[in-house]
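Structure first, commentary second.
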Amino acid sequence: MDSSTQNKTPGLQKSKSRKNINHFTDVHGLPCIEKIVSSVEETPEPISTNITGKIPKWINGSLLRNGPGKFEIGNQKFNHWFDGMALLHQFKIVNGQVTYRSRFLSSDSYEANKEHNRIAVSEFGTLTMPDPCKNFFQRFLSRFELPKPTDNANVSFVTYKGDYYVSTETNCMHKVDPETLKTMKKVDWGKFIAVNGATAHPHTDADGTTYNMGNSYTAKGASYNIIRVPPTKATDEETLEGATVLCSIPSEDKGNPSYYHSFAMSENYVVFIEQPIKMNLLKIVTGKITGKSISDAITWDPTVETIFHLIHKKTGKQNSIKYIAQPLSTFHQINAYEENGLLIMDMCVSDDGQAINNYNVQNLRKSGAALDEVYNTMCRVFPRRFVLPLNVDCETPYGQNLNKLPNSTATCIRMAKDKVICTHEDLHGEDLHQYGGLEFPQINYAKYNTHSYRYFYGCGFRHLVGDTLIKMDLQGRKMKVWEKPGLYPSEPIFVPSPNAKEEDDGVILSVVITPNMDKSTFLLVLDAKTFEELGRAAVPVNIPYGFHGTFNATA
């Protein structure tokens, strides 16, 4: 893989036009993977799987996964991968055996689509057309209504107060029974706090307190809000009661706030990354009139710097220092922790923020040179470390690197009273380039989130989706790889072994999609230490490529 463009000065290329498309790589002959975005039927009753090798008997619980599973309604098709109807998956592991089940999320969007046999609710990249059953005047007026937010929560499984929810980035989540995957209750953030949605990637402290982020839109412009949800509930019926807005950060650009998919958290701080992926609120509000979807209102502006905002978790106070980095795009953070007066923040980063608009369904279904072209015009994502000095005061010198960590090449230089310029260091060696970078990062979260750590796991991207599993060792930037031709593993989930002594004592679980083989998708179990395959459980139904999941341990 040609990675020469990785070393060029990032952030200087203007938004691409059809005539001037930047090529980040020069890859040829990518296999077609169109079946990863094929609609499937749900399998609500558990079915047995075919085990090869051995699944360790100490694993007891369920891998819960979420992602799109239906890409057409009637004769209408969704445009974007993020639009497909949420399909929830459960791989239940008991005594070395695995059963599989799946259910479509019974969201209002799903039920309305089913009832009308057409796309009745707009999604991220698909705008619903006025109901053909209405008369002309009603159809005309409906274009002036604000788009109804979707509750098609197809991104992630998350927990609040010990309960399982599925979520996307709108204001609605759904409480789900992790045993049956049945949809139990729709929960609207707006009923508890003044936010318009929240991310699908909350962070949880050891005591169960959960943090998230959500935007709010007022006459004064957009704000980013840090949300805190208490760890316990007073009654079984409780959902988000007690949720509070810890801190509200005004957007630098009132009408064009930054898009964010997640955020970072250390022991004492929440870090909001204000990146130059911008949402044009006017375009979103007028989308029904102009015929544009939300995705059309999201753009990459490489002339705008990235700002790291630090908010103290206990006080809710925002650090007066703005930590500035070059224009970058990040979807997922790896970990963040504090050491010697510094906040160390590791995340998956690219130097171009246009990838979100490349993941429409048509692109994923391309083949031959057209598929290669889509891949080569997408910037690779790599793990990087930023170091932020926490105690900047009147004594802190200007113009010198404040990063005193041994063997660290990241820099953080105070340039003004309230401004520190940060440059990153790579958390990988040259060998990661041949695997197309790394995304969907995971760690031993329960023990090492917000703490100094050594290992992280992710997918290598030599295709539009992950095609390898990678274990990265931060001591020496060494990596281990699992790969098989024609197989596409999903986000690796770490499950610690009982009485684990070391950070990587445990297994990695990943659902491996087989787009060119019928009904042979499987749950893969790797020894997290050696990265050798222990066993696999083949599922006799087809499964589309999903997004995120979690492990629900049972005694």
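The values are calculated or read from the model by the stated rules, or taken from the named source; none is laboratory data. For clarity, every value in this text was computed on a predicted model and none was experimentally measured. Cβ coordinates were reconstructed from backbone atoms using ideal geometry, including for glycine residues, and neighbour counts include every protein chain displayed. In case anyone asks, the SASA skips ligands and DNA or RNA and just uses the protein heavy atoms, side chains included. Shrake-Rupley method; radii C 1.70, N 1.55, O 1.52, S 1.80 Å.
Computed values, structure above
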read-out	value
Where the chain is the region considered: accessible area per residue in Å², 1.4 Å probe	41 Å²
Low-density loop positions, chymotrypsin sites (Phe, Trp or Tyr not before Pro), the stretch 362-468 - DSSP coil, at most 16 other Cβ in 10 Å	Tyr398
Partner aspartates and glutamates for Lys77 [C-alpha distance under 19 Å; skip if fewer than 8 residues away on the same chain]	Glu34, Glu41, Glu42, Asp108, Glu111, Glu115, Glu123, Asp131, Asp151, Asp296
P(r) tail fraction, the stretch 339-429 - alpha-carbon pairs more than 17 Å apart, %	60 percent
Global form of the chain, assessed from the alpha-carbon gyration tensor, a/c cut-off 1.5	rounded
Point-charge dipole on Cβ atoms (K/R +1, D/E -1) for the chain, about Cα centre, debye to 20	860 debye
Accessible surface of Glu532 - all protein chains present, 1.4 Å probe, nearest 10 Å²	120 Å²
Cα centroid separation, the stretch 336-362 to the stretch 436-462 (Å)	12 Å
Of Lys35/Lys519; Lys175/Lys529; Lys278/Lys317; Lys185/Lys233, pairs whose Cα-Cα distance is over 23 Å	Lys175/Lys529; Lys278/Lys317
Positive-end residue of Pro202, Asn215, Leu246, charge dipole of the stretch 168-255 with Cβ unit charges	Asn215
Cα centroid of the stretch 196-258 to Cα centroid of the stretch 473-490, whole Å	34 Å
Using a Förster distance of 25 Å, the FRET efficiency for Ala369-Asn516 (Cβ separation, nearest 0.05)	0.85
Over the chain: helical MRE at 222 nm, DSSP H runs n ≥ 4 each giving -39500 (n - 2.57), nearest 500	-1500 deg cm²/dmol
Protein accessible area in the chain, 1.4 Å probe - carbon and sulfur %	51 percent
Overall form of the stretch 13-128 per C-alpha gyration tensor (a/c, 1.5; a/b vs b/c)	oblate
Radius of gyration and maximum dimension Dmax of the stretch 161-315, Cα, Å	16.4, 50
